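J.: One structure, pasted below without further comment.
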Amino acid sequence: MFPFPVPSPVVSASGGGNDPYFANVVLLLGFEGANGSTSITDESSAPHTFTAVGNAQISTAQFKYGASAGLFDGSGDEWNTPDSADWRLSAANSDQFTVETWIRPASGTTFVNHSIIGQGDSDGNLSWRLLVVDGGLRFSFSPSGSGWTNITTSSFLLGTTTWQHVAVDKDAAGKIRLYVGGSMQASSTPADSSFFNSTSPLRIGAPLFGGDSMNGHLDELRVTKGIARYATDTSFTPPTAAFPRS
């Protein structure tokens, strides 16, 4: 499968242009809003409603696109939404998906584990997660619901106080790839790349059976189910504008 071409530049953080795979987008968060707001809007094709926990809030102090981003202080903040069939990204080896976002870890937290997004709150109910580990990127999944299978890049790839695009996708051959800044940094083709059908909420910024709370900012978080947008062993150009909203 060829890499998905970068969409045409958009005129605002609300997105523009057309995404041929927009019907496959099950989550699209721009974290736009007033400073200090705890409300976020899912702009995917079938929006989900999120609840803020702890100090998770909108911040206008930092952003990649638009005028604000999601802020987490590392003390148990999260946004969550109930279980949905949308969150089981892979029921079989051939099932494709892409999870991507822009991340800006807080100053002094380079080697801290930052939980980005995932589903699975207890052993026996684990599905998948994307997180930062020692400055690198890790994707974990569980075919059985008990214990994680991990794919991890080398450390020290993510600095602090800078925005970087991070992504994971899985192609129809079952190959899972991790990207930092548009460059593939790790990959694996597990014998079983199906994910357990967890009943837990989808959680953003919260530890998922290991790891630490997110400490820093997230912007433009997108989950595409059924499409491996990049699927390359080399590199691609990260999006140069907010993701299309149509």
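Read-outs throughout are calculated quantities, based only on the coordinates presented, and are distinct from any laboratory measurement. Treat the numbers as computed from the prediction; the structure is a model and nothing was measured. Cβ coordinates were reconstructed from backbone atoms using ideal geometry, including for glycine residues, and neighbour counts include every protein chain displayed.
J.: For S183 and S107, compute 0.36 nm times the residue count separating them, minus their Cα-Cα distance, and round to one decimal in nm.
T.: Gain in length upon complete extension: 25.0 nm.
J.: Another one. May I ask you to list the lysines whose Cα is less than 19 Å away from that of K225, ignoring any residue fewer than eight positions away on the same chain?
T.: K170, K175
J.: Could you quote the convex hull projected area for the stretch 87-159, Cα atoms only and averaged over all directions, in nm²?
T.: Reported value for the Cα convex hull: 5.2 nm².
J.: Further question on the same structure: Based only on Cα atoms, what mean projected area does the convex hull of the stretch 119-226 have, in nm²?
T.: For the stretch 119-226, the mean projected area of the Cα convex hull comes to 6.7 nm².
J.: Kindly list the residues of the stretch 36-53 that lie in the label zone of A67, defined by a backbone N under 13 Å from the point 7 Å along the Cα-to-C-beta vector.
T.: 36
J.: Given a Förster radius of 22 Å and the C-beta distance between A85 and V53 as r, what FRET efficiency does 1/(1 + (r/R0)^6) yield to the nearest 0.05?
T.: Approximately 0.40, to the nearest 0.05.
J.: Here is a follow-up. Over the Cα atoms of the chain, compute the convex hull volume and normalise it per residue, giving Å³. Kindly include the intermediate steps, with their values, before the conclusion.
T.: Values: hull volume 25.2 nm³, N = 246.
It is 103 Å³ per residue.
J.: Given the options A56, A172, A69, state which has the largest fluctuation in a GNM of the chain using a 10 Å cut-off (strictly under) for Cα springs.
T.: Result: A172 has the largest fluctuation of those listed.
J.: Which FRET efficiency, nearest 0.05, do A92 and T60 yield, Cβ-Cβ r, R0 35 Å? Could the numbers behind the result be given before it?
T.: Working: r = 42 Å, r/R0 = 1.21.
Once rounded, the FRET efficiency stands at 0.25.
J.: Considering only C-alpha atoms, what is the centroid distance from the stretch 35-93 to the stretch 172-213, in Å?
T.: 17
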